[in-house]
Amino acid sequence: MNNILKYILIGFAIVAAIAFLSSSCTRIDAGHVGIKVNLYGDDKGVQDVTEVTGMVWYNPITTKIYEFPTFIQHKVWTLDSQEDSPNNEEFTVTTKDGLSLSFDVGLDYMVKPDKVTEIFKKYRKELKKISNEFIRTLIRNGYNNTASTFTAEDIVSRRADYENLVRNEIMTHMDSAGFIVSQMSIIGKIRLPETLEEAINSKIRAVQEAIKAENEKQRVIAEAQKAIEEAKGYAQAKKIKADADAYEYNVKKQALTPLIIQQQFIEKWDGKLPVYGEVPKLMKMP
């Protein structure tokens, strides 16, 4: 009985050892930077972070390994529960005229590989949590602060200007924090209060109709001007032809001297004299 219990204990020890060893080893995949953190001991604190790569052995009781991907990350904060989160993560901003607008935002970014250790020391969290907390707050503040300098109508009609200002500000802050932004933009339409949306749409339609009317006016003017130019061209052509005909007539008239007229008459004479009245009979037949 004692031997059986001994074997059981040995078996448990072996299983425990295997489990411990398997949990004490991890591999840092390509495109990632590993962070080894001491949880206890004299090295605990801001100096307890070590960058590691490849196969890493560690004590899971006193040490924890974090993997930071260094390839492009795609993050979306949206009203749609089918996206990154089942919760409503849309951004809401307050404009210069005190109105609230909402929209979704998409972000593509990556961690600078040489800044991974510095980032972890600062936030002490994995990248997903940093994205949902620090980066989200940074971007929300950027959109909201810039919105305070625009009216609601301006944000809609000058959306590109608004987004460019926010993007430039966020890229500067993210770069100093150790991140590279490759793309950031509002996704889809900006959601407005219903009454404001209708007012803006009516104004846009009025502007478009005015532009259309002006374009039509310019087209009619252009066609009328074309007809005038064509008429002027036709009249000018007629005048040129008339002047040419008159010039030709004058040249011919000046050239017809009496001698030339007499010569032309002789050249065209057939040798017959003109006959006037009855030809006289020279002989009378019996």
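Remarks
- Any chance Asp104 is surrounded by 16 or more Cβ atoms within 10 Å (Cβ to Cβ) and modelled with pLDDT of 95 or more: yes
- Among the residues making up segment 72-101, those that are under 24 Å from the mean Cα position of the chain (by Cα), closer than 27 Å to Gly31 by Cβ, at pLDDT 85 or above and not β-branched (Val, Ile, Thr) are Gln73, His74, Lys75, Trp77.
- Sole exception among (1) touching a residue at least 40 places away in the same chain (Cβ under 8 Å); (2) hydrophobic (A, V, I, L, M, F, W, C); (3) in contact with a helix residue (DSSP H, G or I) (Cβ under 9 Å, 6 or more places away or on another chain) for Ile130, by number: (1)
- Subset tally (residues that are small (Gly, Ala, Ser) and under 13 Å from the mean Cα position of the chain (by Cα)) for segment 152-187: 2
- Condition met for Ile119 (within 21 Å of the chain's Cα centre (by Cα) and crowded, with 18+ Cβ neighbours inside 10 Å): no
- Long-range neighbours under 6 Å by Cβ, at least six apart or interchain, first residue in the same structural domain as Ala177 (by TED's automatic domain parsing) and on the phi < 0 side of the Ramachandran plot within segment 138-163, second in a helix (DSSP H, G or I) and among the charged types (D, E, K, R): Gly142/Glu169
- Within segment 70-101, considering residues that are among the β-branched types (Val, Ile, Thr) and farther than 27 Å from Ile180 by Cα, the one surrounded by the fewest Cβ atoms within 10 Å (Cβ to Cβ): Thr94
- Considering each residue of segment 200-221 in turn, none proves to be in contact with a Leu (Cβ under 8 Å, 6 or more places away or on another chain) and in the same structural domain as Ser85 (by TED's automatic domain parsing).
- Screening Lys112, Lys125 for residues that are touching a residue at least 24 places away in the same chain (Cβ under 8 Å), in contact with a strand residue (DSSP E or B) (Cβ under 9 Å, 6 or more places away or on another chain) and of a type in the set (Lys, Arg) leaves exactly one candidate, Lys112.
The values are calculated or read from the model by the stated rules, or taken from the named source; none is laboratory data. Because the structure is predicted, anything quoted here is derived from the model rather than measured. Glycine gets a Cβ as well: all are built from the backbone with ideal geometry, and neighbour counts include every protein chain shown.
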